[in-house]
1. Per 5 Å bin from zero, what fraction in whole % of the C-alpha pairs of the range 15-126 is there, up to the bin with the longest pair?
2. Taking the Cα atoms only, what angle lies between the long axis of helix 322-337 and the longest principal axis of the chain, rounded to 10 degrees?
3. Taking chymotrypsin sites (Phe, Trp or Tyr not before Pro) as candidate sites, keep only those in a DSSP loop with at most 12 other Cβ atoms within 10 Å, then name the longest stretch of the chain containing none of them.
4. So if we plug the beta-carbon distance of Leu25 and Gln359 into 1/(1 + (r/R0)^6) with R0 = 35 Å, what FRET efficiency do we get, rounded to 0.05?
5. Would you list Glu424, Glu185 from fewest to most Cβ contacts within 10 Å?
6. Please report, in whole Å, how far the alpha carbons of the chain spread along each principal axis, starting with the longest.
7. How many nm is it between the label spots at Thr228 and Asp102, if each spot is 7 Å from the Cα in line with the beta carbon?
8. Calculate the length of the line joining the C-alpha centroid of the range 395-465 to that of the range 45-61, in whole Å.
Amino acid sequence: MNSSPYQPLRSSDDQIRLLILHPALKHDAPIQCLLEPAILSSNPAYEALSYTWGDPGNGCNISLSNHDFLVGDNAAAALRRLRWKRKKRVLWIDAICINQADVDEKNTQVPLMQKIYGQAQNVLVWLGEPTDGSILGMRLIQNRMASVGWHQWKIDQTYGKPTLPFFKSVKSSIARMNRSRLIEEQINGEVRELLDRPWWRRTWIIQEVVLAKNIQILCGDEVVTWDTVASLLKRLRMTQAEVQVFGVKLSDRNIFPDRMYNLISGYHQQWHSTAGRLELLDVLYQFRILECTVAHDRIYGFLGIVHPDVAAKISPDYYLDVPQVYRDFARTMIQVTNNLHVLNCTRHWSGVDNGTQQQKAYSVLEQSRYYDIHALIFDGPDKTPRRGWARLPDGWERIPSKEKSLFRDNGDRTKQSSEWSPLEGQQAVRAEHYIKQRELSPGRSKIWDNLGRAKVVYGVGETTREHQLRNEKELLRQKLSRLPSWVANWECPSRWDPKPLVNFSLSQPRYFASGNTTAELNDHSNPRVLSLKGHIVDEVRQLGPAWHPETERPLSSGKALMLSSNGRLLA
């Protein structure tokens, strides 16, 4: 008996494998699947899954064509939710339908992604398993307001209300307004959490969704269409006034972390309205901040949504090391496009980039873990103190409960809990606007489990796996730092990278003195050297040292440049 469930594919004939998911009456029944070959030109009926692989975790053994087969935790969870009770379901899932241990097969199947996701009846976006709060968010997107209210009541019965009882809020107009805003934040915050799940940071999702004819978003058993999210955002923005409260201005930027959703939607519309003509460099640069396990996929992960003439010249090859992939890509782009636009992608910020952007907890349930929600607070000078949300001292945690909240000092080795808040008996503290509650206290971090669920934790260090990945990434960063100056480093973007001088999406870009002249490559024995034909306009007599500012942020204006001295920002 063959020890592998895989039989060879004829990728040159557009042959793929489809996953036949067998039905089951019970959610926790063993997962049974069958792999069947299919030819894309015969238009087989199937749905394609878009999801995050996540850490391998413990994994789950499934039956795949009568073989035991280990899949990741998130893939197994998706399969359990997707299978029907009475009939089979036909799916395409990359981690299962492509033999991931066969590099040659990966090299030939990746170019078929455009057809695989473009021909799928539905692309199923799997955000992961639900939390108590995420169900609220999904039902708000569905506009099932009665169900939202019912589920919110059930959450309050489990964790207690995040607000004071109404009769304790009527004496203060600010308290009444804050109570109303907090109830609204409890619901809207869960939509924000859905838009902040790990799926939105994965490189491969871009082409998977852009190519799709129909898109469904799943979180547990809840399902919404892609366009329904846009309808919700439009509906809320039409009713959300821009006001100034507690010194914080509310605008569209404050409402939802929907930048990635809007970018993908824009490219999806452009792809289907322009017969599949997207500028590869524009796509690569816009999405360079996304994550991928293999650095090759910074290039290969987007080949499905670019012009076939360009994609045909770039053959995925996972045997090559990353610097060569990036170097070959830059040279190929010059040859295919006959221009030097790719050189604009080397605009990297060379200063100090101290870490990532601050994480935010959007779920009120998670926010309430580092607040005393019944503390004594005041709204300003000469204002009568009232009860409301106050941030706990560093290291302290509130354990929500319907009956009575408990408090615990994570710095205490005994980990004992108490009914008494560390703020009890203290002077009233200044009230915070509810938007400030999203900012995590020192020592806290927001983590996601393998099933996409977020949780705010205190004092959690790196796992062995995370430490290993960080070291591998640092080694790759050092290797890529030695790339030739004309090759873009797609693996190591910075938040402060400047935009390219050339707008790749314009038919006649600005700052384009070369016009329609053709870039001509010269042969050179050294692959690290880019040799081009050109005209001598002038000569450089002397080179000065390159300016690499050491500030945390780049200088953003001409005035800031004037205030700088010797490449250092004046303190």
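1. 2, 11, 22, 26, 22, 12, 4, 1
2. 60
3. Details: sites that count: Trp84, Tyr319, Trp420, Tyr511, Trp547.
The longest such stretch corresponds to 85-318.
4. Values: r = 41 Å, r/R0 = 1.16.
Working from the Cβ atoms, E equals 0.30.
5. On the way: Glu424 13, Glu185 21.
In increasing order of surrounding Cβ atoms, one gets Glu424, Glu185.
6. On the principal axes, the chain reaches 79, 71, 48 Å in Cα extent.
7. Once both label points are built, they end up 3.8 nm from each other.
8. Value for the Cα centre distance between the two parts: 32 Å.
We did not get these values from a lab; they are worked out from the coordinates using the rules stated. Keep in mind it's a predicted model, so treat the numbers as computed, not measured. Cβ: placed from backbone, ideal geometry, glycine included. Neighbour counts: every protein chain shown.
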